[in-house]
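Worksheet: one structure, shown below.
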Amino acid sequence: MKFNNFLFLLIFITSVFRFHAHVTLNPNSSSLLTGIQIPHNFNPDSSSSSLDCDFTSPENSQTLTKPSVKLHLKRRSPGSFIDSAVNDLTRIQTLHKRILEKKTRNSLKNPKKTDHRHTKTIKPKQEVEAQPPQPAETYAGKLMGTLKSGVTLGSGEYFMDVFIGTPPKHYSLILDTGSDLNWIQCTPCYDCFEQTGPHYDPKQSSSYKNISCNDRRCSLVTSPDPVKPCKKPESELSDTQSCPYFYWYGDSSNTTGDFATETFTVNLTTNVDGRKMRHQEVKVENVMFGCGHWNRGLFHGAAGLLGLGRGPLSFASQLQSLYDHSFSYCLVDRNSNSSVSSKLIFGEDKDLLKHPELNFTSLIGGNEAPVDVFYYVHVKSVVVAGKVLDIPEKTWDLTADGYGGTIIDSGTTLSYFADPAYNIIKKSFMENITRFPLVDDFPILEPCYNVSGIPDYKNDLPSFGIVFNDGAVWNFPVENYFIKLEPEEIVCLAVLGTPRSALSIIGNYQQQNFHIMYDTKKSRLGYAPTRCADV
């Protein structure tokens with residue numbers, strides 16, 4: 001299928017199932033709070049006009065012990081997989097556009113990259129006098145943040161509960177490893193989607209600070225079109241013109257507003273004597289985020305989005321000085337009870353590193369990756385029923401023009417492989433499944449089978465795994481690549497095809513009950529089969 005035909009199919013599917021986009025919000029849904037661990041002397045930068053995007057000074061970085069950051073996630077009842085598939089297709093189209101746009105910008109401008117983390121901090125005149133440095137402090141505990149699930153709101157993503165502003169107020173943001181901008185719906189909200197709870201109001205927070213359009217950090221975001229000229233201030237004190245931003249996720253999903261900084265409140269959990277736990281609140285100042293006044297899209301009740309991508313704006317990147325370039329998460333299965341939680345951990349997880357079945361594959365980065373936000377992996381082939389399928393290796397290649405390649409993405413629900421590979425995978429499954437009758441008329445997902453009255457149906461479904469270019473193999477349990485639809489008792493392959501020119505994606509459904517580690521320092525992705533509810 002050519003890419004234009006793919007877009008036509010996407011538009012058709014979206015129009016057929018557009019009624020699924022309307023979500024009934026549950027006012028009684030609770031948010032279960034836990035925390036994220038950071039040293040309380042942690043202060044990225046007290047100046048709103050600072051050019052320094054790093055969170056620690058070189059002298060402090062030598063003495064600060066870096067704790068890990070653990071966050072808890074919850075899943076609720078399953079949402080609509082038709083919704084998820086439609087949203088996923090739009091997302092794939094968007095990610096593909098973003099790659100081509102980035103390649104076009106680079107070829108036209110080819111700008112020299114500046115590492116803002118090492119630029120000199122410039123403070124306003126009234127803050128010239130430096131405050132006495134605080135002594136570095138060592139913690140044996142972990143910084144913890146609150147997470148929850150968005151499934152009851154019709155979302156296939158995982159949500160994180162965050163506390164923003166002074167005084168801190170609670171909001172739920174979608175976790176997304178496929179993007180880097182953190183943003184929240186802000187008042188005045190001129191065009192906003194429905195969310196649970198009130199919008200964030202910057203006027204009610206004493207720690208909110210607009211980033212000036214003359215600030216070098218403003219170059220980290222894309223400006224709305226048409227671009228509004230940034231006037232040169234008469235003095236540093238009059239530099240009040242804000243930095244506008246625009247970020248898009250799909251034809252109907254985008255956010256526009258003011259680029260700013262704010263204080264995030266987190267909880268430090270310290271192990272006192274091996275049994276007792278001590279908790280204290282910690283304020284993390286000057287976290288860069290988008291205050292969105294125009295927001296559109298199917299974000300299903302969330303207040304905004306928390307980016308975990310590789311870009312400099314992501315929550316993971318902004319906290320990197322604390323956890324040494326490594327974070328991990330473990331997603332419980334979709335059918336878990338609402339009280340079951342899983343975790344997101346910033347920092348080295350010693351238990352995971354000691355896991356006997358932990359495997360690593362290389363992350364593609366640097367000049368090889370067309371977009372520095374995505375986590376690319378190099379797939380070589382696929383194994384079905386113990387047999388390595390005859391898929392040409394070039395099917396998986398990431399071209400110099402930004403076409404193809406495979407990413408791992410928490411913001412995409414199902415998994416999507418390039419059509420030449422997908423067609424071979426689908427054919428192999430159909431050849432290996434003979435016990436169950438084929439269901440031909442189910443929309444979007446295929447193949448589907450009727451397993452009614454067969455409790456041990458999983459034993460007759462073929463095994464499935466991914467082979468990476470460096471020899472690593474990722475084998476999945478049946479529930480990670482077959483969806484059981486109740487009450488029909490139909491199982492469908494949770495893998496779909498994309499045009500060869502577009503991205504292949506390993507989505508969050510396939511990541512269930514694996515502890516997955518993103519190690520950007522060593523450029524590797526780790527994965528270990530884990531009962532995530534027990535982590």
Task: Accessible-area value, Leu438, 1.4 Å probe, nucleic acids and ligands omitted, Å² - done: 80 Å²
TODO: Heads up, I need the accessible area for Arg296: 1.4 angstrom probe, whole protein in place, Å², nearest 10.
DONE: 140 Å²
Open item on the list: Please list Glu393, Glu157, Glu285 from largest to smallest accessible area, probe radius 1.4 Å, with all protein chains kept in place.
Closed with: Glu393, Glu285, Glu157
TODO: Indicate the gyration tensor shape class of the range 314-454 (rounded, prolate or oblate), computed on the Cα atoms with a ≥ b ≥ c the square roots of the eigenvalues: a/c under 1.5 is rounded; otherwise a/b larger than b/c is prolate and the rest oblate.
DONE: oblate
Task: Accessible-area order (highest first, 1.4 angstrom probe) of the listed residues Ser415, Ser223 - done: Ser223, Ser415
TODO: Please turn the phi angles of the range 413-420 into ³J(HN,Hα) values with the Karplus equation 6.51 cos²θ - 1.76 cosθ + 1.60 (θ = phi - 60°), one per residue in order, whole Hz, x for glycine and proline.
DONE: 6, 8, 10, 9, 10, 3, 3, x
TODO: Give the accessible area for Ser341 in Å² (nearest 10); use a 1.4 Å probe, count only protein heavy atoms, and leave out ligands, DNA and RNA.
DONE: 40 Å²
Task: From phi via Karplus (6.51, -1.76, 1.60), per-residue ³J(HN,Hα) for the range 391-404 in Hz, x at Gly/Pro - done: 9, x, 4, 5, 4, 9, 5, 9, 7, 5, 7, x, 8, x
Open item on the list: I need the calculated FRET efficiency for the pair Gln204 and Gln280, taking r as the beta carbon distance and R₀ as 22 Å, to the nearest 0.05.
Closed with: 0.35
Task: Within the range 428-443: backbone nitrogen closer than 15 Å to the Ser452 label point (7 Å, Cα to C-beta) - done: 436-442
Task: Computed lengthening from Lys350 to Asn423, 0.36 nm per intervening residue step minus Cα-Cα distance - done: 22.3 nm
Task: Within the accessible area of the range 404-443 (1.4 Å probe), percent carbon and sulfur - done: 50 percent
- [ ] List, in the order given, every pair from Lys343/Lys521; Lys387/Lys484; Lys203/Lys522; Lys203/Lys228; Lys169/Lys522; Lys228/Lys343 whose Cα-Cα distance in the structure shown is over 31 Å.
- [x] Lys203/Lys522; Lys169/Lys522; Lys228/Lys343
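The values are calculated or read from the model by the stated rules, or taken from the named source; none is laboratory data. Keep in mind the model is a prediction, meaning the values are calculated, not measured. When we count neighbours, we look across all protein chains shown, and the Cβ atoms used for this are built from the backbone with ideal geometry, even at glycine. Heads up: the accessible areas ignore ligands, DNA and RNA and are worked out on the full protein's heavy atoms, side chains in. Shrake-Rupley method; radii C 1.70, N 1.55, O 1.52, S 1.80 Å.
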